[in-house]
Amino acid sequence: MTKPKTTAQRKARVEAILKTLDQMYPNVTCALHHTSPWELLVATILSAQCTDKRVNEVTPGLFAKYPTIQDFAAARQEVLANDIRSTGFFNNKAKSVIGAAKTILGEFGGQIPQTIEQLVTVPGAARKTANVVLGTAYGIASGVVVDTHVHRVSRRLDLTKNNDPVKIEQDLMKIIPPDRWILFSHQIIHHGRALCVARNPKCSECALYNLCYAADKTS
């Protein structure tokens, strides 16, 4: 398809993409199972370089063994690492989770911070993790979550030409209305899992087909 040339045309295309995503994924939310902001933070830390499915298999037993933030803060790193071994990078993740628990207890009175500036000071909570927690747990649109799916799909849809997650987020925040940041992230993540997969994307089944001009789009 012909790429839009004017600002108005580009804006109209983004609006059409958002409308189509609403039709495809109207009520999606975070795939990580949790019952509190703290559990979501832990699950998001564990999800780095790991599937949400695997994290959801690990966290029920984990939260049963460590029911409070205080329990995580008191955990021995080698024991916690073994508890989360199947999520990969378990030593670093255990260190981050214990550090996060101690920081939240010591610096924030046991409450998960509700600003991006405070939350990114918590061990293991870089900007992507902070955006997940703020958006899903509190409904605070602090930015756009850029995971591997958002990275890939946003580039395929030509919403960004960057590869750096920080720059991708900046590009998306300029063209996606702030009141859509949270839902847009969830929709693109689900789309990246369901249809716009990394290998052999299911382009013929995609309602965004006529709005996409990825070089490797299949018919």
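The values are calculated or read from the model by the stated rules, or taken from the named source; none is laboratory data. Computed from a predicted structure; not experimentally measured. Using ideal geometry, Cβ is built from the backbone for each residue, glycine included, and neighbour counts are taken over all protein chains shown.
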Return yes when Val144 is within 26 Å of Pro178 (Cα to Cα), in contact with an Asp or Glu (Cβ under 9 Å, 6 or more places away or on another chain), of a type outside the set (Asp, Glu) and not in a helix (DSSP H, G or I) and no when it is not. yes
Within the set of pairs 6+ apart or on separate chains, which have a first residue in segment 183-200 that is over 13 Å from Leu21 (Cα atoms), a second that is assigned to a helix (DSSP H, G or I), and C-beta atoms under 7 Å apart? Arg193/His149; Ala198/Arg152
Test Val122 against the stated conditions and say whether it is in contact with a Pro (Cβ under 8 Å, 6 or more places away or on another chain), more than 19 Å from Trp181 (Cα to Cα) and touching a residue at least 60 places away in the same chain (Cβ under 8 Å). yes
Only residues in segment 125-140 that are in a loop (DSSP other than H, G, I, E, B) count as the first member; pair them with residues that are of a type outside the set (Lys, Arg) and surrounded by fewer than 22 Cβ atoms within 10 Å (Cβ to Cβ), Cβ under 7 angstrom, at least 6 apart or cross-chain, and list the lot. Ala126/Val120; Ile140/Gln114
From the option list Gln70, Gln49, single residue qualifying as under 24 Å from Ile182 (Cα atoms), surrounded by fewer than 19 Cβ atoms within 10 Å (Cβ to Cβ), of a type in the set (S, T, N, Q) and out of contact with any helix residue (DSSP H, G or I) (no Cβ under 6 Å at 6 or more places or on another chain) is Gln49
In segment 20-39, what count of residues is obtained for those that are part of a helix (DSSP H, G or I) and surrounded by fewer than 21 Cβ atoms within 10 Å (Cβ to Cβ)? 6
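Okay, residues lined up against (1) assigned to a helix (DSSP H, G or I); (2) exposed (fewer than 14 other Cβ atoms within 10 Å of the Cβ); (3) touching a His at 6+ places or on another chain (Cβ under 9 Å); (4) modelled with pLDDT under 95:
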position: Ala64; (1), (2), (3), (4): yes, yes, no, no
position: Ala75; (1), (2), (3), (4): no, no, no, no
position: Ala81; (1), (2), (3), (4): yes, no, no, no
position: Ser86; (1), (2), (3), (4): yes, yes, no, no
position: Ala94; (1), (2), (3), (4): yes, no, no, no
position: Val97; (1), (2), (3), (4): yes, no, no, no
position: Lys102; (1), (2), (3), (4): yes, no, no, no
position: Leu105; (1), (2), (3), (4): yes, no, no, no
Are there any pairs, at least 6 apart or on different chains, whose C-beta atoms fall under 8 Å, with the first in segment 204-219 and within 13 Å of Thr2 (Cα to Cα) and touching a residue at least 12 places away in the same chain (Cβ under 8 Å) and the second of a type in the set (S, T, N, Q) and not in a loop (DSSP other than H, G, I, E, B), and if so, which? Leu211/Thr20
Tell me, yes or no, whether segment 38-47 has at least one residue that is in contact with a Pro (Cβ under 8 Å, 6 or more places away or on another chain) and at pLDDT 95 or above. no
Take segment 107-124 and flag every residue that is part of a helix (DSSP H, G or I) and either touching a Gly at 6+ places or on another chain (Cβ under 9 Å) or crowded, with 22+ Cβ neighbours inside 10 Å (or both). Ile116, Leu119
Consider segment 15-65. How many of its residues are acidic (Asp, Glu), within 30 Å of Cys212 (Cα to Cα) and more than 13 Å from the chain's Cα centre (by Cα)? 2
Give just the number: which of (1) touching a residue at least 40 places away in the same chain (Cβ under 8 Å); (2) among the hydroxyl-bearing types (Ser, Thr, Tyr); (3) over 24 Å from Leu134 (Cβ atoms) does Ser96 not satisfy? (3)
How about segment 174-219: which of its residues are assigned to a helix (DSSP H, G or I), of a type outside the set (Gly, Ala, Ser) and either farther than 20 Å from Leu32 by Cβ or modelled with pLDDT under 95 (or both)? Lys174, Ile175, Pro178, Asp179, Arg180, Arg193, Cys203, Glu205, Tyr209, Asn210, Leu211
